[in-house]
Structure formats: structure tokens, C-alpha cells
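Any read-out appearing in this document is the output of simple, stated calculations on the displayed coordinates, not a laboratory observation. Quantities reported herein were computed from a predicted structural model and do not represent experimental measurements. Heads up, the Cβs are rebuilt from the backbone with ideal geometry, glycines too, and the neighbour counts pull from every protein chain shown.
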Amino acid sequence: MATFLEGVGKRTLNQLDYIGSLNIQWWTTMRAMGASLPFVGNRYRWKATVHQMLEIGVDALPMVALMAICTGFILALQGASELRRFGALHYVIELVAVGFTRELGPLLTAIAVSGRSGSAFAAEIGTMKVTEEIDSLRVMAFDPVEFVLAPKYLAALIVVPCLSVVSNVFGILAGGVFMYFSTHLGFVVYIRDVLTTITLHDVIAGFIKSLAFATIIATVGCLEGLRVRGGPDAVGRSTTSAVVRSTFLVIVADSIFTALFYFTGAY
Amino acid sequence: MAMISVRDLVVEYDGRKVLDGLNLDIEQGETMVLLGGSGSGKSTLLRHIIGLERPKSGNVLVKGIDITRCSEAEMKSVRHSIGVAFQSAALFNSLSVEDNIALPLREHTKLAPSIIELIVWMKLAVVDLADCGKLLPQELSGGMKKRAAVARALALDPELIVFDEPSAGLDPIVAAELDELILLLKQVFQMTVIVVTHELPSAFRIADRIAMLYQGAFLTIGTKEEIKSSKIPRVRQFLDREPETTAKAEAVAAHFHKYLQTPEAKS
């Protein structure tokens with residue numbers, strides 16, 4: 001019994017330590033982020049931020065778009081199969097439009113970015129630790145948080161909401177394609193209906209969620225990289241851990257935000 | 001005043017004492033070799049001298065500044081006067097060799113790009129890599145990487161240069177070339193040099209004084225001649241390459257015989 005309780009206590013303390021580390025790292029990076037801003041910050045950090053934006057955003061564009069098209073199509077098909085029985089096929093438009101803007105756009109993007117870039121952050125920083133590059137930055141009087149972490153955070157914060165918009169657009173367009181082939185509803189009418197359905201609240205809710213998801217992905221990815229101890233095998237473990245933990249935390253955060261928006265009447 | 005003063009340095013990891021009350025003075029222009037076996041604490045001492053870690057107790061003074069207690073601004077100024085060539089070279093793989101060397105110059109000085117270019121070329125010429133500036137670190141051999149790391153360590157004209165295991169993983173000819181480079185730096189730039197190694201020929205070639213570590217404490221500190229003529233048993237054992245334990249053929253045979261009697265081996 002004592003061993004069981006010891007185990008529970010130990011795991012709880014480890015998780016608390018992890019959450020504490022996430023918070024400290026987030027706060028430290030936010031304080032260092034000024035240097036990565038354009039015009040007012042260090043131009044080399046801004047250059048690194050743009051490079052990260054290309055890697056996180058532009059390179060992920062085809063994948064996010066394809067995921068959104070497939071999911072939009074699936075959502076429309078599943079919705080239509082039930083709504084058709086009640087003669088309410090028209091509601092598929094609302095289902096897809098609201099579902100993507102509030103929920104699926106940011107969530108799908110977060111899952112794609114977590115798999116692509118969260119793991120890449122962990123692998124890059126972990127390798128830098130193993131090969132003493134982080135130490136060499138420190139001895140050259142560079143702050144690794146400002147040099148390595150802040151550009152990644154800023155890039156994620158800019159790019160993930162943009163990718164979410166892309167995901168929304170492609171998901172909704174996929175719904176439009178379905179509606180065209182199943183009910184011969186014209187694209188212009190479809191888009192008009194979509195725009196009447198979506199409210200500013202939905203857009204803002206999706207935007208807030210995508211900012212939160214970007215923060216989670218960057219924080220977890222970077223922390224997992226910084227926690228690497230040992231050799232290349234530890235880098236592999238940290239990469240897996242970054243994807244698993246960030247995806248899990250994104251879904252938890254999503255459920256918290258959704259509940260918050262629902263109960264506060266924002267939806 | 002000594003360039004480096006280590007006073008009563010105690011370092012503990014998880015309650016295990018790694019360095020036990022070390023005292024050491026390194027004078028301006030001196031080449032000090034930290035010699036010792038694996039796990040003796042020489043790399044840990046080095047990490048404390050360059051300010052990468054904070055000790056449990058004791059002080060490390062660099063040019064009179066206690067780097068265990070100084071402010072961030074003081075630490076930054078101390079770091080500008082120290083160049084470090086890491087064991088793994090720790091070059092940034094995403095940057096070319098010349099960009100690696102230019103990095104501290106671009107960020108810590110206000111020099112014009114043409115002057116930086118000239119300085120980078122000069123530093124590369126010192127380490128005989130003048131034609132390799134455009135290459136990426138992964139395109140260099142092990143010895144070339146180490147020399148490029150030396151060039152980067154020299155970028156800001158430091159007063160102190162530190163080498164962590166410079167000969168590790170190199171063939172004897174390349175290792176000897178690095179020894180000559182260290183001697184050249186001392187002669188030409190009048191630098192204070194600290195070298196961590198367990199290579200005896202290299203230590204006796206480059207050292208003014210040698211400090212020998214064993215289980216986190218200094219066994220002896222002295223000139224090459226004093227170390228060579230030392231009567232301390234552990235020092236003699238290290239110099240004469242006497243093994244701690246010898247694998248005996250009878251013992252191996254007995255273990256094998258015992259294993260053959262186990263049910264696992266019989267099955």
C-alpha cells in the first residue's frame with residue numbers, strides 16, 4: 001500500500017514539476033520575445049522568426065488544407081446522413097460553417113502543427129543540447145531563450161491562427177462541394193449562407209483557441225527539447241513526448257475553452 | 001592578480017560530491033592542463049570556470065569578478081573575455097563556418113560587415129581553414145570542426161581560451177596539429193589557456209602547469225617536470241598507464257563455467 005501511495009505521490013509531484021516548468025518557460029520566453037519583434041527588436045531574431053514562420057506555416061499549408069478538405073467532406077457527409085431523414089439537409093451548411101470556425105479549424109491545425117513543428121522544436125533543441133550548442137550560446141553571452149525559443153514562440157503565435165483561417169476556408173469549401181453535388185446548391189448561395197451563419201463571436205472564439213494552441217505547442221515542444229539529458233536516444237524520446245503531450249494538452253484546452261464559451265453565452 | 005581563482009569549490013549532484021573543496025590559481029598567459037581519468041571531475045570544474053553551472057559552495061573568480069555571485073551584466077562582460085572550444089565543437093549546423101565565426105561579431109560589436117568579413121577570414125587563416133568558410137559544419141572532418149570551433153572561440157579576441165578534450169576522437173597526427181595550434185595561440189596572442197584532457201603526450205607538450213584531478217580533488221598541481229617526477233601512487237599509476245583491475249583469464253573461465261551450469265544455459 002505504501003509503495004502504491006509513494007508511486008502516486010511521486011507521479012503527482014512529477015506532473016506538478018512539469019506544469020511548473022511549462023509556466024516558468026512560458027513567462028521567461030514572453031519576457032524575451034521583444035527581441036524577436038520586427039522594427040523594435042533584434043533584426044537577426046526577426047529573421048529567425050520569419051524562417052520559423054515559413055517552416056511552421058508555409059510548409060504545413062498543403063497538409064492543413066488537405067486535412068481540412070477531408071474533414072469538411074466527412075462532416076458534411078455524416079451530418080447529411082442524419083439530417084436528410086428530417087428533411088433538414090440545409091442545416092449541413094450551418095454544421096460545417098460553425099463547426100469549422102469554432103472548433104475544427106483551430107483543432108485540426110493544432111494537431112497538424114503539433115505533429116510537424118512541435119516535434120521539430122523538441123528535436124532541434126534536444127540535438128542542440130546534446131551537441132553542446134546551447135552551452136556554446138551561453139558562453140558566447142547569448143541568451144538561449146531569446147536566441148532559440150522566442151522566435152519559435154512568436155512564429156507559432158502568428159502562423160497558427162493564419163493556418164486556422166486556411167483550414168476554415170478549405171473545410172467550408174469542401175462542405176460547399178458536397179452541397180453542390182448532393183443538392184445542386186450553387187456556390188454563391190452556399191457562401192452567402194455560410195457568411196450569414198458565422199458570427200463575429202465564432203471567429204473570435206476560434207482565434208482565441210488557435211492562439212492558446214500555438215502557445216501550448218511551442219511551450220511543450222521547446223520544454224521537451226530543453227529537458228533532453230544524455231544522447232540521441234533521449235532526443236527521440238523527447239520528440240515523441242512533445243507530440244503526445246502537446247496533442248493531449250491541446251484537446252484538454254479545447255474542451256476547457258468550449259465549456260467556457262458555452263456557459264458564458266459566447267456561443 | 002590571477003586570471004582565474006578557484007576557492008573552496010564544492011559541487012554536488014543529487015547529494016553526491018563531484019568536486020570537493022578545490023583551490024586553484026591560473027596566472028595571466030599561463031597554459032594550465034586539467035588532467036585526470038574519466039569521472040574525475042575535470043569537465044565539471046571546467047563548466048564552473050566558464051560559468052555554465054553554479055556550485056554548491058565556493059567561488060570562481062575570473063579577472064577578480066566572482067562569477068558565482070555576479071550580476072548578469074558582469075557575467076556578460078566576463079563571457080566576452082572567454083573563448084571556449086567544446087569537445088563536440090558545438091558549431092551551429094544551420095550556419096556556414098564563416099557565419100558561425102561572424103555570429104558573435106555581428107551581435108556583440110558594431111563593426112561594419114566588411115570588417116567582420118576580414119576578421120572572420122583572419123581567424124580562419126590562423127586555424128588554417130581560410131578556404132573552408134563557405135562550407136557547412138557537417139561538410140568538415142573531425143579535426144577541421146575542432147579548428148573551426150577554435151576560430152569561433154577566437155572571434156572576440158578573448159584573454160582566456162578554454163579547450164575541452166581537444167584531442168578526443170582525433171587521430172594522433174591531427175591531435176598533434178591541434179597541440180601546435182594551442183602553442184601558437186599562446187605565443188602569438190599571449191593568451192591564458194586552459195585545456196581539459198586525459199591525453200598524456202598532449203598534456204606534456206602544451207602545459208606550463210598541470211593540475212591532476214582524482215575523485216573530485218586535486219592530487220597534485222605542478223609543472224610538467226614536477227608531475228613527471230611525482231611519487232604520488234595515483235599519479236604514477238596514471239602516468240605509467242597501470243590498470244586498476246586486471247581481467248584474469250581464470251576468472252573469466254570460472255564465470256563461463258558457472259554460467260554453463262545454469263538451467264538457462266542447459267536448455
Inset, instruction - In a Gaussian network model over chain B where Cα atoms closer than 10 Å are linked, find which of B:217, B:249, B:89 has the largest mean-square fluctuation. - result: B:249
Inset, instruction - Count, for each residue of A:128-137, the Cβ atoms from other chains sitting within 10 Å of its Cβ, then give me the mean as a whole number. - result: 6
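Quick check: net charge around residue B:113, other residues with Cβ under 14 Å of its Cβ, Lys/Arg +1 and Asp/Glu -1?
Details: positive: A:43, B:106, B:110; negative: B:98, B:99, B:107, B:117.
Here the charged neighbours net out to -1.
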Inset, instruction - Towards the positive end of the charge dipole of the stretch A:45-263, with charges on Cβ (+1 Lys, Arg; -1 Asp, Glu), say which of A:130, A:169, A:218 has the farthest Cα. - result: A:169
Inset, instruction - Note the count of lysine pairs whose C-alpha atoms are less than 26 angstrom apart in the stretch B:53-179, limited to pairs 8 or more residues apart or on different chains. - result: 15
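Compute the signed sum of charges (Lys and Arg +1, Asp and Glu -1) over the other residues within less than 13 Å, Cβ to Cβ, of residue A:126. Mind showing how you got there, number by number?
Working: positive: A:129, A:227, A:229, A:237; negative: A:124, A:132, A:133, A:224, A:233.
Computed value for this residue: -1.
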Inset, instruction - Could you tell me which of B:185, B:105, B:122 has its Cα farthest along the dipole of the stretch B:97-203 towards the positive end, charges placed at Cβ (Lys, Arg +1; Asp, Glu -1), taken about the Cα centre? - result: B:105
Inset, instruction - Return one number: the angle in degrees, 0 to 90 and rounded to the nearest 10, between the long axis of the Cα atoms of helix A:119-130 and the longest principal axis of the Cα atoms of chain A. - result: 10 degrees
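Hey, can you rank A:200-207, A:49-56 by average C-beta count inside 10 Å, highest first?
On the way: A:200-207: 16.9, A:49-56: 19.2.
The most tightly packed comes first, giving A:49-56, A:200-207.
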Inset, instruction - For chain A, find the longest principal axis of its Cα atoms and tell me its angle to the long axis of helix A:200-226, 0 to 90°, nearest 10. - result: 30 degrees
Inset, instruction - Would you mind checking the tilt of helix A:61-83 against the longest principal axis of the Cα atoms of chain A, expressed as 0 to 90 degrees and rounded to 10? - result: 40 degrees
Legend entry - Longest DSSP-loop-exposure-free segment, trypsin sites (Lys or Arg not before Pro), chain B, at most 15 other Cβ within 10 Å: B:135-230
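Do any chymotrypsin sites (Phe, Trp or Tyr not before Pro) in the stretch A:39-126 lie in a DSSP loop with no more than 16 other beta carbon atoms within 10 Å, and if so, which? Could you put the intermediate results ahead of the total?
Details: sites: A:39, A:44, A:46, A:73, A:86, A:91, A:100, A:121; in loops: A:39.
The qualifying sites are A:39.
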Legend entry - Cβ neighbours within 10 Å from other chains - mean over A:140-147: 5
Legend entry - Simple spin-label estimate for residue B:56 and residue B:17 in nanometres, 7 Å along Cα-Cβ: 0.8 nm
Legend entry - Rg ratio (alpha-carbon, reference 2.2 N^0.38 Å) - the protein assembly as shown: 1.25
Legend entry - Net charge of Cβ neighbours under 13 Å - reference residue B:87; Lys, Arg +1; Asp, Glu -1: -2
Inset, instruction - Subtract the Cα-Cα distance of residue A:54 and residue A:40 from 0.36 nm times their separation in residues, and report this length gain in nm to one decimal. - result: 2.9 nm
Inset, instruction - For chain A, please report how many Lys pairs fall under 27 Å Cα to Cα, leaving out neighbours fewer than 8 apart on the same chain. - result: 6
Inset, instruction - Would you please name the GluC sites (Glu not before Pro) within the stretch B:213-257 that are DSSP coil residues with at most 12 other C-beta atoms within 10 Å of their C-beta? - result: B:244
Inset, instruction - Choose one answer from B:179, B:171, B:20: the residue with the largest mean-square fluctuation in a GNM of chain B with alpha-carbon springs under 10 Å. - result: B:171
Inset, instruction - Express in nm, to one decimal, how much length is gained between residue B:190 and residue B:168 on full extension, taking 0.36 nm for each residue of separation and deducting their alpha carbon distance. - result: 5.4 nm
Inset, instruction - Calculate the tail of P(r) for chain A: the fraction of all Cα-Cα distances greater than 29 Å, expressed in %. - result: 40 percent
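Where in the stretch A:138-237 are there trypsin sites (Lys or Arg not before Pro) that are in a DSSP coil and have at most 16 other Cβ atoms within 10 angstrom of their Cβ? It would help to have the intermediate numbers written out before the result.
Values: sites: A:138, A:152, A:192, A:209, A:227, A:229, A:237; in loops: A:227, A:229.
Counting only loop positions with at most 16 other Cβ atoms within 10 Å, the trypsin sites (Lys or Arg not before Pro) in the stretch A:138-237 are A:229.
So what's the back-of-envelope 222 nm ellipticity for chain A, counting only DSSP H runs of four-plus at -39500 (n - 2.57) apiece and dividing by all residues, rounded to 500?
Numbers: 11 runs with 208 residues, N = 267.
For chain A, the value works out to -26500 deg cm²/dmol.
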Inset, instruction - For residue B:195, list long-range residues whose amide hydrogen, built 1.01 Å from N in the peptide plane, is under 5 Å from its own amide hydrogen. - result: B:32, B:33, B:34, B:163
Inset, instruction - Work out the mean other chain Cβ neighbour count within 10 Å for the residues of B:102-114 and drop it here as an integer. - result: 2
